[in-house]
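K.L.:
Here you go, one structure.
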């Protein structure tokens, strides 16, 4: 079976990219965390100062998956890395090599750009995705670390001098 064609996303892909993003949010049961807009995503990816990039998987002219990613760094390794923010393939497309094709293109880009590795997070209940990643050779790292986040309200409070 032939995998979907993978290419860089362009601004005209934004409406479908946004639909796929919602598909990911629904799959992960995190729709309440989608607080931005399609236009804001467009600015992040295609605006005058983009901070991320996107790949899309296309089959027969229809976008069926995507990956959003951006560069990070490791101060200890003094190397650039890649953060994979989203990877999503429509349910009907899963098992057809599309997810693997997206990851393979990310890996090719990481090698080409001299990145040390690609990192991402996966929900602990998402056994199909965990199995997929492990089949590719990925493994959990730094299990003794916790991921923390300062949400917008805390940022504003701290920036304003609050405790």
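K.L.:
Using only the alpha-carbon atoms, how far is helix 14-27 inclined from the longest principal axis of the chain? Give it as 0 to 90 degrees, nearest 10.
P.N.:
The two axes meet at around 80 degrees.
K.L.:
Considering only 144, 32, 85, give the residue with the highest GNM mean-square fluctuation for the chain, with springs between Cα atoms whenever their separation is below 10 Å.
P.N.:
Evaluated over the chain, the most mobile residue of the options is 144.
K.L.:
Of the labelled options [x] 16.8, 58; [y] 15.2, 46; [z] 18.3, 52, which one gives Rg and Dmax of the Cα atoms in Å as computed for this structure?
P.N.:
[x]
K.L.:
Taking the chain as a Gaussian network, where each spring joins two C-alpha atoms under 10 Å apart, which residue of 129, 74, 149 fluctuates the most?
P.N.:
149
Read-outs: derived from the displayed coordinates by stated rules, not from any lab. Not measured: the values here are computed from a predicted model.
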